[in-house]
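What follows is a set of notes on a single structure, which appears directly below.
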Amino acid sequence: MPDRPAVIYRYDGSFDGLLCCVFESYARRETPLDIRPADDPQAVLFPTHEVPTDADHAQRVFASLQKRISSEAQRQVQYAFLSCADDKALLIYRFIRLGLRHGARVMSMLTNDTVCAVDKAVRALLNERHHLLEFLRFSDFKGVLVATIEPKNFVLPLMQEHFCSRFPEERFLIYDKAHGMALIYRPYSAQIFSIEQLELPEADEYELAYRRLWKQYYNSIAIETRYNPRCRMGHMPKRFWGHMTEFEQEQRRLPHTAAGQVLPASETTDLSSPTRIK
């Protein structure tokens with residue numbers, strides 16, 4: 001591309017908006033120094049260009065990823081956008097440019113700094129998703145399953161299919177506290193919403209009894225003579241412990257139940273009743 005005055009692109013922060021930055025770069029025959037969300041408060045010394053989001057332009061770029069590079073590269077770009085990598089917008093832009101130049105072999109160009117950084121970001125995203133599929137803990141609030149997570153990457157879209165297929169007849173909510181988003185599922189209908197705050201009621205005696213049973217099971221299968229906290233943190237990173245039932249401190253005394261006794265089930269309510277979303 002010919003030399004142009006240094007410019008920084010600003011977009012609306014969406015995936016389509018980022019693809020429009022790629023389109024705009026080729027249309028204007030210029031290479032931006034950086035690509036930042038429009039709400040980024042950081043001051044810049046270079047002129048900026050506001051890139052409008054155009055669904056048609058975004059679709060043309062997205063389709064070209066599969067046609068001119070590969071379906072694997074197309075998926076890599078989608079995953080990279082969900083990651084928490086620093087300067088991910090610029091990394092994705094540079095990755096796409098490399099792909100359009102070199103074709104499908106861009107996926108194996110791991111000695112290239114851009115390709116390596118994108119690959120590393122995607123691996124971190126998928127590893128975190130794998131961990132959360134194992135470590136996520138639901139609580140029952142009158143018939144609605146609720147879980148809270150605080151991931152580094154935006155993994156909710158990658159967790160949706162797993163939990164929706166696993167609990168097709170249940171109603172559940174997974175709250176991503178770190179990103180202010182929530183996956184809400186009713187039978188055969190799932191959506192991801194942006195929410196500012198989620199307030200949950202106190203767990204009832206029925207839920208607390210099951211938490212105690214889970215903790216007892218967790219402690220019972222442990223082999224005391226092989227206790228190895230370093231190994232445990234390697235397989236179960238400590239940053240996930242805050243929302244795992246087996247590590248929670250009991251806030252009140254749990255009711256005593258005899259062996260085999262089942263507490264009465266709570267009445268079911270609408271999905272919105274056990275939570276308040278602001």
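Coordinate-derived values only; no laboratory data. Bear in mind the structure is a predicted one, so any value in this text is a computation, not a measurement. Because the Cβ atoms are built from the backbone with ideal geometry, glycine has one as well, and the counts that use them run over all protein chains shown.
Working from Cα positions, state the angle (0 to 90°, nearest 10) between the long axis of helix 113-135 and the longest principal axis of the chain.
Between helix and principal axis, roughly 20 degrees.
Treating only the Cβ of Lys, Arg, Asp and Glu as charged (+1, +1, -1, -1), what charge dipole size does region 1-117 show about its Cα centre? Round to the nearest 20 debye.
600
Applying the Karplus parametrisation 6.51 cos²θ - 1.76 cosθ + 1.60 with θ = phi - 60° to the phi angles of region 185-199, what ³J(HN,Hα) value in whole Hz is obtained for each residue in order, glycine and proline being reported as x?
Karplus-based 3J(HN,Hα) across region 185-199 equals 10, 10, x, 6, 8, 9, 9, 10, 10, 8, 9, 7, 7, 10, 10 Hz.
In debye, nearest 20, what is the charge dipole magnitude of region 1-68 about its Cα centre with +1 on Lys and Arg Cβ and -1 on Asp and Glu Cβ, if you could check?
Result for region 1-68 is approximately 360 debye, rounded to the nearest 20.
What net charge do the residues around PHE23 carry, taking every other residue with its C-beta under 11 Å from that of PHE23, with Lys and Arg at +1 and Asp and Glu at -1?
-2
For GLU150 and GLU169, compute 0.36 nm times the residue count separating them, minus their Cα-Cα distance, and round to one decimal in nm.
4.3 nm
What FRET efficiency would be calculated for the residue pair ASP87, ARG239, taking the C-beta separation as r and a Förster radius of 25 Å, to the nearest 0.05?
0.60
In the neighborhood of HIS235, defined by Cβ-to-Cβ distances under 15 Å, what is the net charge if each Lys or Arg adds +1 and each Asp or Glu adds -1?
Net of charged neighbours comes to +2.
In a GNM of the chain with a 10 Å cut-off on Cα contacts, which of ALA27, ALA124, ALA85 has the highest mean-square fluctuation?
Its mean-square fluctuation being the largest, the pick is ALA27.
CYS116 versus GLU134, label points 7 Å from Cα toward the beta carbon: distance in nm?
The modelled label-to-label distance comes out at 2.8 nm.
List, in order, the whole-Hz ³J(HN,Hα) value for each residue of region 165-171 obtained from phi through the Karplus relation with A = 6.51, B = -1.76, C = 1.60 and θ = phi - 60°; use x for Gly and Pro.
Ordered by residue, 3J(HN,Hα) equals 7, 6, 10, x, 9, 8, 10 Hz.
On a straight-distance basis, which lysines could pair with LYS215 in a cross-link, Cα separation under 23 angstrom, same-chain partners fewer than 8 positions away excluded?
Of all the lysines, those that pass the test against LYS215 - Cα under 23 Å, at least 8 places apart if same chain - are LYS142, LYS238.
FRET efficiency for TYR218 and ALA6, Cβ-Cβ distance as r, R0 = 45 Å, nearest 0.05?
Working from the Cβ atoms, E equals 0.20.
What list of ³J(HN,Hα) couplings, whole Hz, do you get for region 207-216 from phi and the Karplus terms 6.51, -1.76, 1.60, once you set θ to phi - 60° and write x for glycine and proline?
So the Karplus estimates, Gly and Pro as x, are 5, 5, 5, 6, 5, 5, 4, 5, 5, 5 Hz.
Modelling each spin label as a point 7 Å along the Cα-to-Cβ direction, I'd like the TYR206/GLN66 distance in nm, to one decimal.
4.5
Rank ARG137, ARG28, ARG68 by mean-square fluctuation in a GNM of the chain with C-alpha springs under 10 angstrom and give only the top-ranked residue.
Highest fluctuation among the options: ARG28.
Near LYS67, which lysines are there with a Cα under 26 Å away, not counting those fewer than 8 places off in the same chain?
Those lysines meeting the cut-off are LYS88, LYS120.
From largest to smallest, what semi-axes in whole angstrom does the chain give when each is the square root of 5 times an eigenvalue of its alpha carbon gyration tensor?
Calculated on Cα positions only, the semi-axes equal 44, 22, 17 Å.
Cut-off 10 angstrom, C-alpha nodes, Gaussian network model of the chain. Which of MET236, MET159, MET107 fluctuates the most?
Of MET236, MET159, MET107, the Gaussian network model singles out MET236 as fluctuating most.
Relative contact order of the chain: what whole-number percent is it, with Cα pairs under 8 angstrom and at least 6 residues apart?
Dividing the mean separation by the residue count of the chain yields 14 percent.
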